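The values are calculated or read from the model by the stated rules, or taken from the named source; none is laboratory data. Model, not experiment: these values are computed from the prediction. Ideal geometry is used to build each Cβ from the backbone, glycine not excepted, and the neighbour counts take in all protein chains shown. The protein model used for the area step is the full one, side chains on, heavy atoms only, and it has no ligands, DNA or RNA in it. Shrake-Rupley method; radii C 1.70, N 1.55, O 1.52, S 1.80 Å.
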Amino acid sequence: MASISHSSTFPCKTLSVTQPRTQFTSKPATLPTNSVKIAQKTVGKSWVCSRAGEVVRHRPNFRLRAVSDDEWGPEKEEGSAAPVAVAEPEEVEEAKPTEIERLKKALVDSFYGTDRGLKATSETRAEIVELITQLEANNPTPAPTEALTLLNGKWILAYTSFAGLFPLLARGTLPLVKVEEISQTIDSENFTVQNSVQFAGPLATTSFSTNAKFDVRSPKRVQIKFEQGIIGTPQLTDSIEVPENVEFLGQKIDLTPFKGLFTSVQETASSVAKTISSQPPVKFSIPNSNAESWLLTTYLDEELRISRGDAGSVFVLIKEGSSLLTP
């Protein structure tokens with residue numbers, strides 16, 4: 001037993017291992033750019049023990065850090081502060097437009113030159129129908145009448161296939177007369193709708209509007225009952241801007257000789273402007289035979305609305321203030 005105990009006991013002693021001091025020269029580094037360098041640091045002491053004639057050496061701990069030559073900078077002597085790692089922010093890629101955003105932009109771009117649908121060719125109409133169908137399939141608001149806050153506000157007509165509006169739009173092609181805007185304003189709290197058309201001419205601007213009530217009939221459909229029509233009081237312009245020529249029935253008419261006449265009319269108009277503008281708008285009732293209609297909203301988000309009427313027509317409207325209204 002004594003011999004076993006004696007052989008299992010082996011002497012150990014602590015040896016201090018000191019790293020050799022690095023010799024620095026002016027000779028440039030031979031490592032390639034962005035090579036990996038090793039920052040070496042001795043932790044504690046190395047222990048060397050002899051066990052039955054065997055020497056066991058525990059190597060010092062090393063800390064590795066991969067840096068480029070530019071990040072490493074000049075060589076430093078032992079004992080100097082270790083380089084500090086700096087976390088650089090990752091580059092953030094610009095958000096790519098979603099499929100719905102891409103479809104909306106393509107739809108609005110297809111309206112260019114159509115005059116709200118009046119001048120759209122059959123090819124353009126087919127393209128618009130295809131884009132509308134794709135948007136309807138991706139409708140983010142499947143129950144628009146349950147999201148009345150989205151319906152609320154003023155919507156500007158951008159396109160329609162409703163033939164009943166074409167005679168009105170055609171008036172904008174007459175000399176010196178322009179359809180400035182066609183809009184629909186929805187008050188979801190009082191369940192009212194106002195359709196409005198604004199006209200502009202060289203002497204005055206005016207509007208025609210209808211007031212209606214609506215009832216919710218389904219998650220997408222509302223029933224509209226028109227009650228009143230209003231002809232706005234003409235607002236005479238302070239100055240008359242006369243173009244040099246106008247196009248009528250394919251012929252250009254020179255208006256230069258009439259500028260003197262327009263100047264005299266302007267002087268007369270300004271004298272009666274206050275009188276006419278002070279008059280109340282003209283209101284009238286709408287006959288019951290034309291008083292009701294329904295509207296189906298097939299697409300709705302914060303800035304775009306697509307609706308279909310009872311005659312199979314389609315209406316594309318853009319919320320007032322939306323960037324989609326910017327050419």
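Would you confirm whether any residue within segment 143-156 is closer than 16 Å to Asn195 by Cβ and at pLDDT below 90? Steps first, answer last, please.
Pass one, segment 143-156, residues closer than 16 Å to Asn195 by Cβ: 151-156.
Narrowing further to those that are at pLDDT below 90: none.
No, every residue in segment 143-156 fails to be closer than 16 Å to Asn195 by Cβ and at pLDDT below 90.
Can you pull out every residue in segment 195-217 that is open to solvent by less than 40 Å² (accessible area, probe 1.4 Å) and in a loop (DSSP other than H, G, I, E, B)?
The answer is Gly201, Pro202.
Restricting segment 286-306 to residues that are in a loop (DSSP other than H, G, I, E, B) and hydrophobic (A, V, I, L, M, F, W, C), which is surrounded by the most Cβ atoms within 10 Å (Cβ to Cβ)?
So, considering only residues that are in a loop (DSSP other than H, G, I, E, B) and hydrophobic (A, V, I, L, M, F, W, C), the one surrounded by the most Cβ atoms within 10 Å (Cβ to Cβ) is Ile286.
Could you tell me whether any residue of segment 292-300 is modelled with pLDDT under 90 and either over 31 Å from the mean Cα position of the chain (by Cα) or over 19 Å from Phe226 (Cα atoms) (or both)?
Scanning segment 292-300, I find at least one residue that is modelled with pLDDT under 90 and either over 31 Å from the mean Cα position of the chain (by Cα) or over 19 Å from Phe226 (Cα atoms) (or both), so the answer is yes.
Among the residues of segment 129-146 satisfying the criterion of being charged (D, E, K, R) and open to solvent by 70 Å² or more (accessible area, probe 1.4 Å), which is nearest to Val222 (Cα to Cα)?
Among those residues, the one meeting the criterion is Glu146.
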